[in-house]
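Notes to accompany the following structure.
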Amino acid sequence: GRKGLLYVGTETGVYVSVDDGGHWEAWQLNLPVVPIYDLAVKGTDLIAATHGRSFWILDDVSPLHQLSDAVSNADSYLFKPRPAQRFKKYGRYGENANGYKSYGRVGGMMMTHYTKQRRTGENDYVFLDAGKNPPDGAIIYYNLKSKPEAEVKLSFLKQDGTEIISFSSNSTKGMHPTTDPGMNRFVWDMRYPSAHEVPDGKLNGAALVGPVAVPGNYQVRLTVGNETMTQPLEIVRDPRVSGSQADLEAQFDLLLKLRDMLSETHDAVNRLRDVRQQIEAWAKRSDDEEVQNAAKAIVEKLNALELELIQPKAGSPLQPPAGLNDKISALSGMIANADIRPTSQSFEVYDKFAGLADSAIEKLDPIIGYDIAAFNEMLMKRGSKPVSV
C-alpha cells in the first residue's frame with residue numbers, strides 16, 4: 001500500500017524515503033556515493049562509468065523499451081526476451097559450499113567466492129576478488145499486477161510448440177519462477193531436462209545435466225492460472241565458436257542420446273533396488289527356509305546385475321572399477337567440453353555403451369518375469385502379500 005519511493009544521494013550516504021499513505025519514513029543506507037560521469041547504452045545494456053571505480057553494467061534494459069499502458073493494466077505480462085547468447089563457461093568456479101568460501105580456476109585465474117541461493121532456486125556466485133559476468137542463459141522478464149493465487153509456470157518450447165522444459169512456482173525442488181507483484185526475472189540456462197537420478201547415488205548435479213539447446217528459434221510461454229502468453233525466443237551462437245550449425249546439432253543429438261541412455265540405466269537400477277529391498281525384507285521376517293533360500297538366490301542375481309549397471313562402492317569414476325553409468329556420464333562430459341562435432345571415436349564408444357546398457361537392462365525382465373513371479377506365487381500360497389514390481 002505504499003505510494004512512493006524516493007532515493008536521495010548526499011556526500012554522507014543514500015537516504016530512502018517511503019510515502020506510506022501520507023506518512024513519510026526515511027532510512028539512511030550506509031552506501032558510498034559514487035559520481036557517474038558518463039552513461040551509455042550498448043545494445044540492451046546500460047553502462048555507467050564512475051570516477052576511479054571502473055564501470056558498471058545494468059544487464060538487459062529491454063523491458064523498458066516495451067513498457068506501455070497495456071503492460072500496466074494486464075494482470076500478467078510476458079516481455080519479449082532479447083536474443084540469448086549460447087555461452088558456455090570453461091573451467092570451474094569451485095564447489096558450491098553454501099556458507100563457506102570456495103576457490104576455483106577459470107581461464108588460468110584463481111577466484112574466491114561464496115555461494116548463496118536465490119529465491120528462484122538457482123545458485124548465485126558472490127565473488128570477492130573478481131568481477132561478475134551477466135547471467136549465462138536466456139533472461140526472461142514478466143510482470144504480475146498482484147501476487148497470483150494460481151500457479152505461475154514458465155515453459156520453453158521448440159519453434160513448432162513442442163515443450164522442452166517447464167518450471168512451476170509450486171515446485172519445492174530446483175529452479176522455479178517467483179510470484180512477486182511487479183517485475184519478476186527468471187534465467188533459463190538453455191539446457192534440456194537432466195537425466196534421471198539414483199537416490200543417494202554418486203552421480204548428481206553436473207553429471208546429470210541435459211545438453212544445451214542449439215542456436216535457433218524457440219518460444220517461451222508464461223501461464224498464470226488459465227491465462228497464457230507466448231513470446232519468441234532466439235538463441236544465437238557464441239561468435240568465438242568455430243563449429244558449424246551442423247556440428248553443434250550433431251553434438252546435441254549425441255548428448256541427448258547419452259542423457260536418455262543414462263536415464264534408462266538409472267531407471268533400471270531404481271527398479272532393481274526397489275524389488276531387492278522388498279525381497280530382503282521378506283527374507284528377514286520369514287522363518288520359512290524355502291522362502292529364505294529363494295530370496296537369497298534372487299538377491300544374488302540382482303546384485304550381479306547391479307554391478308553391470310552401477311558401481312555402488314566407488315565414490316567417483318576415478319576409483320576403479322567404474323560402473324556403466326559413470327562411463328556414460330564421463331563420455332557425455334568429454335563430448336560437451338567443446339562446441340565441435342564429436343569425434344568418430346566418441347560415436348564408437350557410444351555404440352559400445354549402448355550395447356552394454358541394452359544387454360544389462362534386458363537381463364532384468366527375465367528375473368522379474370520368472371524368478372520373482374515364482375517367488376510371489378510361493379508367498380501367495382502362504383497367504384502373504386507378493387512383491388510389487
- Item | Label of the coordinate-derived value, semi-axes √(5λ) of the Cα gyration tensor in Å, listed as [x] 32, 24, 22; [y] 50, 27, 22; [z] 35, 31, 19 | [y]
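Calculate the FRET efficiency for residue 75 and residue 380 from the Cβ-Cβ distance with a Förster distance of 56 Å, rounded to the nearest 0.05. Display every interim value, and only then the final one.
Numbers: r = 57 Å, r/R0 = 1.02.
That pair, residue 75 with residue 380, gives E of 0.45.
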- Averaging sequence separations of C-alpha pairs under 8 Å and six or more residues apart, then dividing by the length of the chain, give the relative contact order as a whole percent. 11
- Message: Test of understanding: extend the Cα→C-beta vector of residue 123 to 7 Å, then name every residue of segment 167-183 with backbone N under 20 Å from that spot.
- Response: 172-177
- Selected from 128, 355, 102, residue furthest toward positive end of dipole (the chain; charges at beta carbon): 128
- Note on the structure: Expressed in nanometres to one decimal, the distance between label points 7 Å along Cα→Cβ at residue 354 and residue 270 is 2.4
- Cβ-placed point charges (K, R +1; D, E -1), dipole of the chain about Cα centre in debye, nearest 20: 640
- Message: Just to be sure I understand: with springs between alpha-carbon atoms less than 10 Å apart, which residue in 153, 88, 116 has the highest mean-square fluctuation in the Gaussian network model of the chain?
- Response: 116
- Query: So, in nm, how far is label residue 206 from label residue 240 when the simple model puts each one 7 Å beyond its Cα toward the Cβ?
  - Reply: 1.7
- Have a look at 190, 220, 231 and report the one farthest towards the positive end of the charge dipole of segment 178-242, computed about the Cα centre with Cβ charges (Lys/Arg +1, Asp/Glu -1). 190
- Counting Lys and Arg as +1 and Asp and Glu as -1, each charge on the Cβ, what is the dipole of segment 278-380 about the Cα centre in debye, to the nearest 20? 460
- Note on the structure: Given a 1.4 Å probe, the accessible area of the chain per residue, as a whole number of Å², is 58
- Item | Exposed-loop-free span, longest in the chain, where chymotrypsin sites (Phe, Trp or Tyr not before Pro) count as exposed if DSSP calls them loop and at most 15 other C-beta atoms lie within 10 Å | 101-389
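In the chain, carbon and sulfur make up what percent of the accessible area (probe 1.4 Å)? Write out the running numbers ahead of the final one.
Numbers: 11770 of 22670 Å².
For the chain, the apolar C and S fraction of the accessible surface comes to 52 percent.
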- In Å², nearest 10: area of residue 110 left accessible to a 1.4 Å probe: 100
- Message: Tell me which of 210, 244, 140 sits at the most positive position along the dipole axis of segment 130-247, charges placed on C-beta atoms (Lys, Arg +1; Asp, Glu -1).
- Response: 140
- Item | In order through segment 116-132: 3J(HN,Hα) via Karplus (6.51 cos²θ - 1.76 cosθ + 1.60), integer Hz, x for Gly, Pro | 10, 9, 6, 5, 7, x, 7, 7, 10, 8, 10, 8, 9, 9, 7, x, 10
- Please state the charge dipole magnitude for segment 180-317, taken about the Cα centre, from unit charges on C-beta atoms (+1 on K and R, -1 on D and E), reported in debye and rounded to the nearest 20. 340
- Item | residue 293 paired with residue 147, simple spin-label distance in nm, labels 7 Å along Cα-to-beta-carbon | 6.6
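In segment 207-263, which trypsin sites (Lys or Arg not before Pro) are in a loop and have at most 16 other Cβ atoms within 10 Å, using DSSP for the loop call?
On the way: sites: 221, 237, 240, 257, 259; in loops: 240.
Loop-located and lightly packed - 240.
The values are calculated or read from the model by the stated rules, or taken from the named source; none is laboratory data. Worth saying up front: this structure is predicted, and the values here are computed from it rather than measured. In this analysis, Cβ positions are derived from the backbone assuming ideal geometry, glycine residues included, and neighbour counts consider all displayed protein chains. Just the protein is used for accessible areas: all its heavy atoms, side chains included, with ligands, DNA and RNA removed. Shrake-Rupley method; radii C 1.70, N 1.55, O 1.52, S 1.80 Å.
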